[in-house]
Amino acid sequence: MDQISHNDQHKPASRVITGLRPTGSLHIGNLITSVARLVELQKTQECLLFVADLHAITTPYEPKELRARVIDTVRLYLAAGVDPDKCLIFVQSEVSQHTELGWILSSLLPVAELERMTQYKEKTAQHKKPNLGLFSYPALMAADILLYDADLVPVGQDQVQHVELTRTAARKFNKAFGETFRVPRPYVAHDRARIIGLDGKGKMSKSLGNTLNLLDSPEVIGKKIRKAVINPERPTSFEGAKPITIFELHDQLFPDVQTAELSKQCHRENRNCKDYKELVAQNLAAYLAPIRQRYAELAAKGDAYIERFLAANADLARARAEQTMQRVREASGLR
Ligand code: AMP
């Protein structure tokens, strides 16, 4: 699998893109695998970040709340350190070229490939009657990436398969209609690309109610960490990144002597877990505090501030996307 790891970070790449669904509040898995990595990459690479509202409507949602969640998600991006002067932040549905290209790519991707997608199988199990949008989600995701000639896509392990399918779509299109798309790569931190939920039962995920959220107060973090499962049963075989708990993630983020000692005592000897959990909760609360603080400052500026900024960015994103679409329409014979 052509993923790249931390060690490849110095290699120049011209463009990075990622997007997150506006689920209302981002969790630490979203931060670590996507947003924080963009914050790093934006220093040296051109970067784009979007709110994937069209993906959000493929599972049940509340229409009256959707836009507020989109705005909130943008606020969280900014609060987490994404610099709007370095990174183009926009909303997927405001750039209609995404759906146009999504349709064209869905006409190239074999049904059998889409049926293999793990996320589709998981979501189908959750939402008993999946809709067509959920099934063709990876075609839209491929469009999200290919429209902007992106090279790198920072994602967690659960999205790697979709980026692989994006590569397939790009290659198929290029083969059928001539060189049109750049073939992107997933950008995955292998040591922290798959974060287990606090209940220890599977992936950390909003829909499973087992998340540590960026806006959780220190009290909530304390409560959640005290209840979190320390040594969950893990699947014996898994592809790609190893699943890690919030505690293992914490130990990576805070690699000091005190942490290492307490962690060893709790994980290996099953003692001092209360103290260890207290330390983990404190450190994670301190880690997330600046995000909460910046989020509150941005919220005080009101929604209009974000809406204005999004309107200007939608124009920029549309202009770029349209350039690609002109190439695509010509190559595929639509013009
Ligand atoms: P989503 O919330 O599904 O829109 O995902 C946004 C980003 O967060 C994607 O890059 C996912 O791969 C990543 N992500 C979501 N859940 C996890 C998790 N439990 N562990 C690591 N990354 C995750």
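The values are calculated or read from the model by the stated rules, or taken from the named source; none is laboratory data. Not measured: the values here are computed from a predicted model. A quick note on method: Cβ atoms are made from the backbone with ideal geometry, for glycine too, and the neighbour counts reach across all protein chains shown. Each accessible area value is taken on the protein alone, full model and side chains, heavy atoms only, with ligands, DNA and RNA left out. Shrake-Rupley method; radii C 1.70, N 1.55, O 1.52, S 1.80 Å.
Annotations
- Per-residue [θ]222 nm for the chain (sum of -39500 (n - 2.57) over DSSP H runs n ≥ 4, rounded to 500): -17000 deg cm²/dmol
- Estimated dipole of the range 206-298 in Debye, rounded to 20 [Cβ of Lys and Arg +1, of Asp and Glu -1, Cα centre]: 280 debye
- Working note: Debye formula, equal point scatterers on the alpha-carbon atoms of the range 206-298, no solvent; log10 I(q)/I(0) at q = 0.11, 0.14, 0.20 Å⁻¹ is -0.35, -0.57, -1.05.
- Distance from the alpha carbon centroid of the range 159-178 to that of the range 229-271 works out to 36 angstrom.
- Euclidean distance of C-alpha centroids, the range 98-154 and the range 295-335, integer Å: 21 Å
- Karplus-derived 3J(HN,Hα), 6.51/-1.76/1.60, for each residue of the range 207-222, Hz, glycine and proline x: 5, 9, x, 10, 9, 9, 9, 4, 9, 5, 6, x, 5, 5, 4, x
- Of the accessible area of the chain, computed with a 1.4 Å probe over protein heavy atoms only, carbon and sulfur atoms account for 52 percent.
- Angle in degrees between helix 257-269 and the longest Cα principal axis of the chain, rounded to the nearest 10: 80 degrees
- Candidates per GluC sites (Glu not before Pro) in the range 193-258, loop by DSSP, up to 13 other Cβ within 10 Å: Glu233, Glu239
- Peptide ranges 73-79, 184-190 listed from the most packed, as the mean C-beta count within 10 angstrom indicates: 73-79, 184-190
- Neighbour net charge for Arg234 - beta-carbon separation under 13 angstrom, K R +1, D E -1: +2
- Residues whose placed amide H lies under 5 Å from that of Phe50, excluding near-sequence neighbours: Thr18, Gly19, Leu20, Phe90
- Computed from the C-beta positions of Ala68 and Ser217, the FRET efficiency with R₀ = 22 Å rounds to 0.60.
- Net charge of Cβ neighbours under 12 Å - reference Ile221; Lys, Arg +1; Asp, Glu -1: +3
- Cleavage-rule hits, trypsin sites (Lys or Arg not before Pro), the range 123-194, DSSP coil, Cβ neighbours within 10 Å at most 13: Lys128
- Pairs from Lys43/Lys172; Lys242/Lys264; Lys123/Lys242; Lys121/Lys203 whose Cα-Cα separation, in the structure shown, is over 24 Å: Lys43/Lys172
- The largest-to-smallest principal axis extents of the Cα set in the chain are 69, 47, 44 Å.
- Top positive-direction residue, dipole computed over the chain with Cβ charges, set Leu105, Thr59, Ile32: Thr59
- Placing +1 on each Lys and Arg Cβ and -1 on each Asp and Glu Cβ, with no other charges, gives the chain a dipole about its Cα centre of roughly 560 debye.
- Entry note: the range 47-168 has Rg to Rh equal to 0.96, where both radii use alpha-carbon atoms and Rh is the Kirkwood radius.
- Given Lys129/Lys223; Lys128/Lys277; Lys86/Lys301, the pairs whose alpha carbons are separated by over 30 Å: Lys129/Lys223; Lys128/Lys277
- Distance from the Cα centroid of the range 188-214 to that of the range 44-92 is 20 Å (rounded to whole angstrom).
- For the chain, the solvent-accessible area of protein heavy atoms averages 47 Å² per residue (probe radius 1.4 Å; ligands and nucleic acids excluded).
- Label-to-label distance, Glu330 versus Thr44, with points set 7 angstrom from Cα along the beta-carbon direction: 3.4 nm.
- Placing unit charges on each Cβ (+1 for Lys and Arg, -1 for Asp and Glu) gives the range 215-334 a dipole about its Cα centre, and among Tyr287, Ser263, Ile230 the Cα reaching farthest toward its positive end belongs to Ile230.
- FRET efficiency for Asp85 and Arg182, using Cβ-Cβ distance with R0 set to 35 Å, rounded to 0.05: 0.90
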